[in-house]
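As C-alpha coordinates, the structure follows; a few thoughts come after it.
The values are calculated or read from the model by the stated rules, or taken from the named source; none is laboratory data. All values derive from a computational prediction rather than experimental measurement. Cβ: placed from backbone, ideal geometry, glycine included. Neighbour counts: every protein chain shown. Please note that ligands, DNA and RNA were not included when accessible areas were found on the heavy atoms of the full protein model with its side chains. Shrake-Rupley method; radii C 1.70, N 1.55, O 1.52, S 1.80 Å.
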Amino acid sequence: MQPSSEGLVELRTLRDVRGNLTFIESGQDLSFAIERVYFLHSVPEGSERGGHAHKELKQLLVAVCGSFDVILNDGTVTKTIRLSDPSKGLLIESMVWRELKNFTDQAVCLVLASEQYDEADYFRNYDEFLIAVKD
Ligand code: T46
(Lines give C-alpha, C1' and ligand atoms only; values in the text may rest on other atoms or scores of the structure.)
Protein backbone atom coordinates (compact mmCIF):
# COMPACT_ATOMS: atom_id res chain seq x y z
CA MET A 1 0.00 0.00 0.00
CA GLN A 2 1.63 3.22 -1.18
CA PRO A 3 -0.47 6.36 -0.75
CA SER A 4 -0.36 9.00 -3.47
CA SER A 5 1.16 12.40 -2.70
CA GLU A 6 -2.34 13.47 -1.63
CA GLY A 7 -2.54 10.53 0.79
CA LEU A 8 -4.99 8.58 -1.35
CA VAL A 9 -4.83 4.80 -1.20
CA GLU A 10 -6.26 2.61 -3.94
CA LEU A 11 -8.33 -0.03 -2.16
CA ARG A 12 -8.55 -3.50 -3.57
CA THR A 13 -11.91 -3.81 -5.26
CA LEU A 14 -13.51 -6.77 -6.96
CA ARG A 15 -15.96 -5.74 -9.63
CA ASP A 16 -18.40 -8.08 -11.34
CA VAL A 17 -21.96 -8.05 -12.61
CA ARG A 18 -23.28 -8.37 -9.04
CA GLY A 19 -21.60 -5.12 -8.00
CA ASN A 20 -18.36 -4.15 -6.28
CA LEU A 21 -16.64 -5.47 -3.18
CA THR A 22 -13.90 -3.37 -1.57
CA PHE A 23 -11.81 -4.74 1.26
CA ILE A 24 -9.14 -3.46 3.63
CA GLU A 25 -6.68 -5.58 5.60
CA SER A 26 -4.25 -4.35 8.22
CA GLY A 27 -0.68 -4.89 7.12
CA GLN A 28 -1.59 -5.06 3.43
CA ASP A 29 -3.78 -2.08 2.65
CA LEU A 30 -3.02 -0.25 5.89
CA SER A 31 0.29 0.28 7.67
CA PHE A 32 -1.44 0.16 11.07
CA ALA A 33 -3.60 -2.35 12.91
CA ILE A 34 -7.25 -1.29 13.07
CA GLU A 35 -8.19 -0.58 16.68
CA ARG A 36 -11.47 1.24 16.05
CA VAL A 37 -14.06 1.69 13.35
CA TYR A 38 -16.60 4.50 13.29
CA PHE A 39 -18.61 6.29 10.66
CA LEU A 40 -20.21 9.68 10.16
CA HIS A 41 -23.67 9.59 8.66
CA SER A 42 -26.87 11.64 8.50
CA VAL A 43 -24.71 14.77 8.41
CA PRO A 44 -27.06 17.74 7.89
CA GLU A 45 -26.51 20.01 4.89
CA GLY A 46 -23.99 22.74 5.72
CA SER A 47 -22.66 20.89 8.78
CA GLU A 48 -18.92 20.64 9.40
CA ARG A 49 -16.98 17.97 11.28
CA GLY A 50 -13.39 17.76 12.47
CA GLY A 51 -11.61 20.94 13.43
CA HIS A 52 -8.84 19.19 15.31
CA ALA A 53 -5.62 17.21 15.00
CA HIS A 54 -4.35 14.07 16.70
CA LYS A 55 -1.07 13.58 18.49
CA GLU A 56 -0.67 9.87 17.63
CA LEU A 57 -3.78 8.66 15.84
CA LYS A 58 -3.65 7.64 12.18
CA GLN A 59 -6.83 7.13 10.22
CA LEU A 60 -8.09 6.00 6.86
CA LEU A 61 -11.22 7.78 5.64
CA VAL A 62 -13.48 6.34 2.96
CA ALA A 63 -16.54 7.94 1.38
CA VAL A 64 -18.56 4.73 1.23
CA CYS A 65 -21.57 6.73 0.07
CA GLY A 66 -21.88 10.27 -1.32
CA SER A 67 -19.04 12.76 -1.11
CA PHE A 68 -17.46 15.42 1.09
CA ASP A 69 -14.37 17.64 1.29
CA VAL A 70 -11.49 16.95 3.65
CA ILE A 71 -9.23 19.94 4.31
CA LEU A 72 -5.84 18.96 5.67
CA ASN A 73 -3.28 21.30 7.22
CA ASP A 74 0.08 20.07 8.49
CA GLY A 75 0.95 23.47 9.96
CA THR A 76 2.53 24.64 6.71
CA VAL A 77 0.52 23.45 3.72
CA THR A 78 -3.27 23.27 3.35
CA LYS A 79 -4.90 21.01 0.79
CA THR A 80 -8.47 20.04 0.02
CA ILE A 81 -9.38 16.56 -1.14
CA ARG A 82 -12.88 15.65 -2.22
CA LEU A 83 -13.70 12.06 -1.37
CA SER A 84 -16.35 10.45 -3.54
CA ASP A 85 -15.00 7.05 -4.57
CA PRO A 86 -15.57 4.06 -2.21
CA SER A 87 -12.56 2.32 -3.75
CA LYS A 88 -10.17 5.04 -2.53
CA GLY A 89 -9.16 5.80 1.06
CA LEU A 90 -7.55 8.93 2.43
CA LEU A 91 -4.74 8.26 4.88
CA ILE A 92 -4.38 10.97 7.52
CA GLU A 93 -1.20 10.75 9.56
CA SER A 94 -0.83 12.12 13.08
CA MET A 95 -0.32 15.87 13.66
CA VAL A 96 -2.52 16.96 10.76
CA TRP A 97 -5.37 19.41 11.34
CA ARG A 98 -8.51 18.25 9.51
CA GLU A 99 -11.88 19.71 8.66
CA LEU A 100 -14.69 17.93 6.83
CA LYS A 101 -17.38 19.88 5.03
CA ASN A 102 -19.69 20.02 2.01
CA PHE A 103 -21.26 16.63 2.70
CA THR A 104 -23.77 15.54 0.10
CA ASP A 105 -27.14 14.19 1.19
CA GLN A 106 -26.80 10.64 2.60
CA ALA A 107 -22.98 10.76 2.57
CA VAL A 108 -21.24 8.27 4.86
CA CYS A 109 -17.64 8.69 6.01
CA LEU A 110 -16.16 5.41 7.20
CA VAL A 111 -13.09 5.76 9.43
CA LEU A 112 -10.56 3.06 10.30
CA ALA A 113 -8.44 4.21 13.21
CA SER A 114 -5.12 3.08 14.63
CA GLU A 115 -6.12 3.70 18.27
CA GLN A 116 -9.16 3.50 20.48
CA TYR A 117 -10.90 6.76 21.33
CA ASP A 118 -8.84 8.96 23.66
CA GLU A 119 -9.74 12.61 24.14
CA ALA A 120 -6.19 13.26 25.42
CA ASP A 121 -4.91 12.53 21.89
CA TYR A 122 -6.72 15.57 20.44
CA PHE A 123 -5.57 19.10 19.71
CA ARG A 124 -8.87 20.94 19.53
CA ASN A 125 -7.24 24.37 19.65
CA TYR A 126 -5.55 25.38 16.38
CA ASP A 127 -2.97 27.69 18.02
CA GLU A 128 -1.89 24.92 20.40
CA PHE A 129 -1.62 22.55 17.43
CA LEU A 130 0.54 25.06 15.51
CA ILE A 131 2.93 25.49 18.43
CA ALA A 132 3.24 21.70 18.86
CA VAL A 133 3.68 20.91 15.15
CA LYS A 134 6.42 23.52 14.71
CA ASP A 135 8.37 22.11 17.68
C1 T46 B 1 -11.86 12.72 12.60
C2 T46 B 1 -13.21 12.89 12.02
C3 T46 B 1 -13.31 12.34 10.64
C4 T46 B 1 -16.35 9.04 20.88
O5 T46 B 1 -16.86 8.87 22.01
N6 T46 B 1 -15.74 8.00 20.24
C7 T46 B 1 -15.19 8.12 19.02
O8 T46 B 1 -14.65 7.13 18.47
C9 T46 B 1 -15.21 9.41 18.38
C10 T46 B 1 -14.60 9.61 17.02
C11 T46 B 1 -15.81 10.43 19.03
N12 T46 B 1 -16.38 10.25 20.27
C13 T46 B 1 -17.05 11.38 20.91
C14 T46 B 1 -16.17 12.56 21.26
C15 T46 B 1 -17.11 13.74 21.15
O16 T46 B 1 -17.77 13.91 22.38
O17 T46 B 1 -18.04 11.88 20.01
C18 T46 B 1 -18.13 13.29 20.11
C19 T46 B 1 -17.90 13.92 18.75
O20 T46 B 1 -16.53 13.68 18.38
P21 T46 B 1 -15.74 14.69 17.40
O22 T46 B 1 -16.13 16.09 17.69
O23 T46 B 1 -14.28 14.37 17.55
O24 T46 B 1 -16.28 14.24 15.97
P25 T46 B 1 -15.83 14.72 14.54
O26 T46 B 1 -16.77 14.10 13.58
O27 T46 B 1 -15.67 16.18 14.49
O28 T46 B 1 -14.37 14.07 14.32
C29 T46 B 1 -14.25 12.68 14.18
C30 T46 B 1 -12.94 12.22 14.81
O31 T46 B 1 -12.86 12.67 16.17
C32 T46 B 1 -11.74 12.75 14.07
O33 T46 B 1 -10.60 12.04 14.49
O34 T46 B 1 -10.87 12.72 11.89
O35 T46 B 1 -14.27 12.33 12.81
Spelling it out for GLY50: with amide H atoms placed in the peptide plane at 1.01 Å from N, the residues 5 or more places away or on another chain with amide H under 5 Å from its amide H are LEU100
When all Cα-Cα pair distances of the range 58-115 are considered, the percent exceeding 17 Å is 34 percent
Once both label points are put 7 Å beyond Cα along the C-beta direction, the PHE32-ASP74 separation in nm becomes 1.6 nm
So, relative contact order of the range 13-135 in percent, Cα under 8 Å, 6 or more apart, is 35 percent
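Work out, step by step, the length gained on full extension between LEU130 and ASP16: first 0.36 nm times the residue separation, then minus their alpha carbon distance; give nm to one decimal.
Details: separation 114, 0.36 × 114 = 41.04 nm, distance 4.67 nm.
Using 0.36 nm per residue and subtracting the Cα-Cα distance, I get 36.4 nm.
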Residues whose built amide H sits under 5 Å from the amide H of ASP85, excluding neighbours closer than 5 in sequence, are ALA63
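Kindly report the accessible area of the chain per residue (heavy atoms of protein chains, probe 1.4 Å, no ligands, DNA or RNA), in Å². Display every interim value, and only then the final one.
On the way: 7820 Å² over 135 residues.
Value for the chain: 58 Å² per residue.
Decide, for the range 1-52, between rounded, prolate and oblate: order the square roots of the alpha carbon gyration tensor eigenvalues as a ≥ b ≥ c, take rounded if a/c falls under 1.5, and otherwise choose prolate if a/b is larger than b/c, else oblate.
Note, shape of the range 1-52 comes out oblate.
Using a Förster distance of 35 Å, how high is the FRET efficiency between GLU45 and PHE23, based on the Cβ-Cβ distance and rounded to 0.05?
Details: r = 31 Å, r/R0 = 0.89.
The formula returns an efficiency of 0.65 here.
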Cα extents of the range 14-91 per principal axis, largest first, Å, are 43, 33, 22
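Using a 1.4 Å probe on the protein heavy atoms, what percent of the accessible area of the chain belongs to carbon and sulfur?
Heavy-atom surface of the chain belonging to carbon and sulfur, 1.4 Å probe: 49 percent.
Kindly rank 16-22, 57-63, 34-40, 95-101 from highest to lowest mean number of other beta carbons found within 10 Å of each residue. Write down the numbers at each step before the final one.
Values: 16-22: 9.0, 57-63: 22.0, 34-40: 13.1, 95-101: 18.0.
Order by mean packing, descending: 57-63, 95-101, 34-40, 16-22.
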Subtracting the Cα-Cα distance of ASP105 and SER87 from 0.36 nm times their residue separation yields 4.5 nm
Protection proxy (average C-beta count within 10 Å per residue), highest first, orders 8-15, 47-54, 119-126 as 47-54, 8-15, 119-126
Rounded to the angstrom and largest first, Cα extents along the principal axes for the chain equal 52, 36, 27
